[in-house]
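A.B. asks: Sharing a structure with you now.
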Amino acid sequence: LSQEDFVSSATCKSCHPGEYHSWHSSFHRTMTQPATRENVRGDFHDIELTKFGHTCRLTQRSDEYWVEMTDPLWFGQESRSRPANPPRIKTRIVMVTGSHHLQTYWIRRPSDPSAYLRPDDGALLQLPWVWLIEEQRWVATEDSFLSPPISNPENLVPWNTSCNMCHSVGTQPHLESTRYNSQTADLGIACEACHGPGAAHVRANQSPLARY
């Protein structure tokens with residue numbers, strides 16, 4: 001499938017308003033969203049969180065959400081070859097996943113060419129903490145899912161090649177050499193996640209006579 005096969009849920013609205021509005025009020029729509037004041041549920045008011053001896057500092061700047069943390073790539077290096085003092089980064093939260101039970105957050109590493117190991121390559125990496133919505137508190141990411149014990153305290157699997165498959169529609173990672181140029185038809189679990197790409201359906205029903 002190509003990006004042109006998808007039309008996005010907004011296109012479905014004109015012919016299927018009831019179904020669209022039912023979906024729009026669901027947790028499926030809010031599964032994956034941009035990190036805006038309307039969508040972010042976690043507490044970012046000068047919060048410090050520490051695990052494995054590493055501290056994350058969460059702040060809010062107007063409508064932006066920021067984190068200062070150990071560079072996630074440091075954890076992925078062999079201990080004998082990585083710096084003794086972990087490099088730290090300051091970067092924005094750009095996207096959120098979840099809006100019902102918990103919410104997790106995604107960052108892009110700074111675009112500074114002098115950044116540790118490599119600059120921003122388009123990968124979305126997970127903040128190592130998640131916000132429990134009902135309990136109104138932060139917990140370590142690895143404590144929020146049933147999984148085997150971990151030896152690496154940071155999850156370096158990018159959203160572009162993992163979570164997108166269930167939590168968005170028609171996302172294509174587009175890993176070009178060493179950089180992601182990802183594109184998506186719809187964030188969240190939208191109409192075409194279940195009904196399939198809609199471009200052919202739209203073309204077949206453009207005529208009012210055909211719809212009748």
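The values are calculated or read from the model by the stated rules, or taken from the named source; none is laboratory data. Everything numeric in this text was worked out from a predicted model, so none of it was measured. Heavy atoms of the whole protein, side chains included, go into the accessibility calculation; ligands, DNA and RNA do not. Shrake-Rupley method; radii C 1.70, N 1.55, O 1.52, S 1.80 Å.
A.B. asks: Once the Cα atoms of the chain are picked out, what are the Rg and Dmax in Å?
C.D. replies: Cα radius of gyration and Dmax of the chain are 19.6, 71 Å respectively.
A.B. asks: In vacuum, with every alpha carbon of the range 19-102 counted as one equal point scatterer, what does the Debye formula give for log10 I(q)/I(0) at q = 0.13, 0.21 Å⁻¹? Two decimals, please.
C.D. replies: The computed values of log10 I(q)/I(0) come out as -0.56, -1.02.
A.B. asks: Using the heavy atoms of the protein chains alone and a 1.4 angstrom probe, what is the accessible area of the range 26-168 per residue in square angstrom?
C.D. replies: Solvent-accessible surface per residue comes out at 54 Å².
A.B. asks: Okay, next question. What residue among S182, S25, S144 shows peak mean-square fluctuation when the chain is described by a Gaussian network model with Cα springs under 10 Å?
C.D. replies: S25
A.B. asks: Something else about it: According to the Cα gyration tensor, what semi-axes, each the square root of 5 times an eigenvalue, does the equivalent ellipsoid of the range 101-212 have, listed from largest to smallest in whole Å?
C.D. replies: Result for the range 101-212: semi-axes of 35, 21, 11 Å.
A.B. asks: From the helices alone, meaning DSSP H stretches of at least four residues, give me the mean residue ellipticity at 222 nm for the chain, per-run term -39500 (n - 2.57), in deg cm²/dmol to the nearest 500.
C.D. replies: Helix contribution divided over all residues of the chain: -3000 deg cm²/dmol.
A.B. asks: If you don't mind, there's one more thing I want to ask. Which one, V130, V67, V157, has the greatest fluctuation when you compute a Gaussian network model over the chain with C-alpha springs under 10 angstrom?
C.D. replies: Most flexible of the set in this elastic network: V157.
A.B. asks: Given a 1.4 Å probe and every protein chain left where it sits, what share in percent of the accessible area of the chain is carbon and sulfur?
C.D. replies: Answer for the chain: carbon and sulfur cover 52 percent of the accessible area.
A.B. asks: Here's something else I'd like to know. When the chain is modelled as a GNM with alpha-carbon springs shorter than 10 Å, which of G18, G53, G122 fluctuates the most?
C.D. replies: Its mean-square fluctuation being the largest, the pick is G53.
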